[in-house]
Amino acid sequence: MMLRVLPFILVLLLLSCARTYDPLTGKTVYTLLPTQEEIKIGRMYLPLAIDQNDGRYPDKEVQEYVQKLGKKIAQHAPRKLDYRFYVVNTKQVNAFALPGGFIFVNRGLILALDKEDQLAGVLAHELAHVNARHHARFLEKMYGMNILLSIAGIFAYQTRYGDILMQFGKIGAQLLSLRWSREHETEADSFGVRFSYEAGYDPRGLLETFKIFKKLDKVKQPEWLLTHPLPDTRIKNVKKLISQLDLNKPLIKDSPQFHKIKQKLQKTKTSFDLFYQAKEKLAKNQKIAALDLVNKSLQLFPNNNASLTLKAFLLLTEENYREGTELAVKAAQLDELYFKPHFFAGYGYFKLGEYSKSVQFLEKARELIPDFPDTYYFLGRDYEALGNLKKAVENYRKALKLTDGKRGWEKDAQRRLQKILGI
């Protein structure tokens, strides 16, 4: 029986594959994940990546600097994608990418570096991961024949709220915590050195970055080393690659702009340090101490969107709905891709009885991260209060489908749903 089914499976596999040109090797390859689907996946997980890293750094000049630097290097990458670069607030010393060309630099990484060529080397390395399709290859290997049903199903706008939505968080967790193999890192180093060099940067900046990471590792392992293993053989390979290049030609080592940007981050570092201390206090349920720390954080940097969001949460839990909602709205305005403040603003407006405003923020929260069950429950409450019972039913059903049963509103949602349906 299995022998008879095998040819059918092979035919189905071939039909599922897309033929594409690999610009790195110059060869035609077959993939289950075409470029457009890869971009969709990256774009859909963009808000999740931002949320898990405490929002984007709230400074236009900082964002534009990294975007400009990244785009300059990306011009020398063979995959011609609409690359996007983001600086996120987390203190972790790391950089990472999502499928389709979405690349993130942590605030903590820039603070750990000394020169622009070091940052260029890291960006080039992450660009290399995208150009080698490492994320796409991971998804293909992980999901095999199910890729078109699971991944594409989630990210097709008309079907992404179906049963397959249950896998959204699982896939996102895997994408955001990928630990590359030595083979992947060797390949990314090879292309990364090439990209930075062709963009005019001194490739030795990457070696200097390795030294910084090794030094930091003696105190506390940088996040980058957890996801990008750095054995001595890898350092030797990079040295060998660089030795084959003409290092006598003019190469960019540093720029005044890099130090201007780093200085900006340095000025707000204490504010973010206080934010992380507040999170630690909150984890121990020490809310008064957490609020005191977050207030100090905002005194130092009023636009600290991570602290604004945390303070909003603390006030909302204490039923100070008006001020908590106002702070959440401010944080959401500072970063339209940051999920938490949008959800908190929607929740706050619901508690204030301003249902239309609540819908506005909760619908945005739903678009950003579509598998958070509380969003649907409060949308259901909003729509029920506004008299839109069809929308209320739709959202209650989704909330109950996605919940883990421990949210606290499940019985109420079930009761309201049954009442509307007349069951």
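The values are calculated or read from the model by the stated rules, or taken from the named source; none is laboratory data. None of the values given here were measured: they were computed from a predicted structure. Note: ideal-geometry Cβ built from the backbone for every residue, glycine included; neighbour counts use all protein chains shown.
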Margin query: Condition (residue is buried (at least 20 other Cβ atoms within 10 Å of the Cβ), touching a helix residue (DSSP H, G or I) at 6+ places or on another chain (Cβ under 7 Å) and either more than 25 Å from TYR45 (Cα to Cα) or at pLDDT below 95 (or both)) applied to segment 332-348: is it met by at least one residue?
Written below: yes
Only one of LEU32, LEU24 is modelled with pLDDT under 90, over 27 Å from PHE339 (Cβ atoms) and surrounded by 20 or more Cβ atoms within 10 Å (Cβ to Cβ), namely LEU32
Quick count over segment 255-273, residues being surrounded by 15 or more Cβ atoms within 10 Å (Cβ to Cβ) and over 23 Å from the mean Cα position of the chain (by Cα), is 2
When segment 386-404 is checked residue by residue, the ones that are surrounded by 16 or more Cβ atoms within 10 Å (Cβ to Cβ) and either touching a Ser or Thr at 6+ places or on another chain (Cβ under 7 Å) or acidic (Asp, Glu) (or both) are GLU394
Among residues of segment 231-259 being of a type in the set (D, E, K, R) and without any contact (Cβ under 8 Å) to a residue 24 or more places away in the chain, the residue nearest to LEU293 (Cα to Cα) is ASP232
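To keep it simple, each residue is scored yes or no on (1) touching a Leu at 6+ places or on another chain (Cβ under 6 Å); (2) more than 30 Å from LEU241 (Cβ to Cβ); (3) at pLDDT 75 or above; (4) not small (Gly, Ala, Ser).
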{"residue": "HIS135", "(1), (2), (3), (4)": "no, no, yes, yes"}
{"residue": "GLY144", "(1), (2), (3), (4)": "no, yes, no, no"}
{"residue": "SER150", "(1), (2), (3), (4)": "no, yes, no, no"}
{"residue": "THR159", "(1), (2), (3), (4)": "no, yes, no, yes"}
{"residue": "GLY172", "(1), (2), (3), (4)": "yes, yes, yes, no"}
{"residue": "ARG179", "(1), (2), (3), (4)": "no, no, yes, yes"}
{"residue": "GLU185", "(1), (2), (3), (4)": "no, no, yes, yes"}
{"residue": "GLY192", "(1), (2), (3), (4)": "no, no, yes, no"}
{"residue": "SER196", "(1), (2), (3), (4)": "no, no, yes, no"}
Scanning segment 373-402 residue by residue, those modelled with pLDDT of 95 or more and either outside any helix (DSSP H, G or I) or of a type in the set (A, V, I, L, M, F, W, C) (or both) turn out to be PHE378, LEU379, ALA385, LEU386, GLY387, ASN388, LEU389, ALA392, VAL393, ALA399, LEU400
ALA49 meets each of (1) at pLDDT below 95; (2) of a type in the set (Gly, Ala, Ser); (3) under 27 Å from LEU206 (Cβ atoms) with one exception, condition (1)
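Does segment 407-417 include one or more residues that are in a helix (DSSP H, G or I), surrounded by 20 or more Cβ atoms within 10 Å (Cβ to Cβ), within 28 Å of the chain's Cα centre (by Cα) and of a type in the set (A, V, I, L, M)?
Checked against the condition, which is being in a helix (DSSP H, G or I), surrounded by 20 or more Cβ atoms within 10 Å (Cβ to Cβ), within 28 Å of the chain's Cα centre (by Cα) and of a type in the set (A, V, I, L, M), segment 407-417 yields no hits at all.
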Checking the structure you have, find out if any residue of segment 368-389 is more than 30 Å from LEU298 (Cβ to Cβ) and among the acidic types (Asp, Glu).
yes
task = Could you tell me whether segment 251-262 includes any residue that is under 17 Å from ARG56 (Cα atoms) and not hydroxyl-bearing (Ser, Thr, Tyr)?
result = yes
Note on LEU389: of the conditions (1) closer than 25 Å to GLN52 by Cα; (2) among the aliphatic types (A, V, I, L, M); (3) without any contact (Cβ under 8 Å) to a residue 60 or more places away in the chain, unmet is (1)
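Can you name the strands (runs of 3 or more DSSP E) wholly within segment 27-126 that have at least 3 residues being in contact (Cβ under 8 Å) with a residue 24 or more places away in the chain and not hydroxyl-bearing (Ser, Thr, Tyr)? Don't jump to the end; show me each part of the working.
Working: elements: 27-31, 84-88, 95-98, 102-106.
Passing ranges, in order: 84-88, 95-98, 102-106.
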